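First the structure, in the form of structure tokens, and then the observations on it.
The values are calculated or read from the model by the stated rules, or taken from the named source; none is laboratory data. Remember, predicted model here, so these are calculated numbers, not experimental data. Surface areas here come from the heavy atoms of the whole protein model, side chains and all, with no ligands, DNA or RNA. Shrake-Rupley method; radii C 1.70, N 1.55, O 1.52, S 1.80 Å.
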Amino acid sequence: MLVSAKDMLTKAKAGKYAVGQFNINNLEWTKAILLTAQELKSPVILGVSEGAGKYMCGFKTVAAMVKAMTEELNITVPVALHLDHGSYEGCYKCVKAGFSSIMFDGSHYPINENVEKTRELVHVAENLGLSLEAEVGSIGGEEDGVIGMGECADPDECKMIADLGVTMLAAGIGNIHGKYPENWAGLSFDTLAEISKKVGDMPLVLHGGTGIPEDMIKKAISLGVSKINVNTECQLSFQAATRAYIESGKDLQGKGFDPRKLLAPGTEAIKATVKEKMELFGSVGKAQ
Ligand code: 13P
């Protein structure tokens, strides 16, 4: 059964650890993440961007696949199926498709419009028992063609959005989607501390989890981050393992061309990355 992310994040915030959101792209991704979460007894959030949703033949297909997979694989840890960086229309589509959690990314709107649209979606989510993530201050880098400049969020605007009753808040603190450039200035912990002070118990979300050094992740968690998003790192692990399989000529041996064999090393590599992140975030064993 899919659950809202509210409970798992309230517990994470109180227990000073973070729950990982791992983005999915296909069946192998979903299976790898669910099996790892179950093995490690960790709560987990499956993230679906609008582009990935389209690629997987629509949000209805994704919701049906994830629901069926949690049943067939006997997954008993809490699993939230979450729309990542959703548009206003995308949020409604995911609600209809049966997602248990949505993100409305109104960070590119003027703050008043972001507030009004978020307010409306808070009511929708509350009525249906879904969790809702909002965003203030765009996250840097490129994701699905959306390019953000990585600005730091204004703590007062964060408070305005948090006060609407969202479940969790993504606030830009210099984080970037994708690989971090050599000259990256690092996370702005002053901004994070200030936001944390303003929003109190509200779980904060750190996007762009790929490539953030371990000490920065731990410090961010100590300052109120309870959800960390990882996407690119699983893609890189999958790609490296698949390349190694083909370059070693294994696809040419016996039935090595069978997709179940061809995709197996990449799937195992995703599992290893997810495990490493869950250990770092401190969510292992929290779904006992
Ligand atoms: P990365 O691709 O940098 O891990 O970021 C993922 C993310 O923030 C999804 O919203």
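Quick notes on this structure:
- Computed over the chain, relative contact order equals 22 percent, with contacts defined as Cα pairs under 8 Å that lie 6+ residues apart.
- The chain, accessible surface, carbon-and-sulfur percent (1.4 angstrom probe): 54
- Our compactness index for the chain, the C-alpha radius of gyration over the empirical 2.2 N^0.38 Å, is 0.97.
- Of the listed residues THR242, THR118, the order by accessible area with a 1.4 Å probe, largest first, is THR242, THR118.
- Taking 0.36 nm per residue of separation and subtracting the Cα-Cα distance, full extension of the segment from GLU120 to LYS255 would add 43.2 nm.
- Accessible surface, 1.4 Å probe, highest first, among residues HIS207, HIS123, HIS177: HIS123, HIS177, HIS207
- Between segment 35-62 and segment 1-22, the Cα center-to-center distance that results, in Å: 15
- Largest accessible area first, the listed residues LYS6, LYS117, LYS227 line up as LYS6, LYS117, LYS227 when surface is computed with a 1.4 Å probe on the assembled protein chains.
- Within a Gaussian network of the chain (alpha carbon springs, distance under 10 Å), most fluctuating of LEU252, LEU132, LEU262: LEU252
- With semi-axes defined as the square roots of five times the eigenvalues of the C-alpha gyration tensor, the equivalent ellipsoid of segment 94-213 measures 24, 17, 13 Å, largest first.
- Lysine pairs with alpha-carbon atoms under 16 Å apart, segment 116-241, spacing 8 or more or separate chains: 6
- Pairwise centroid distance, computed over Cα atoms, of segment 84-114 with segment 228-288, Å: 30
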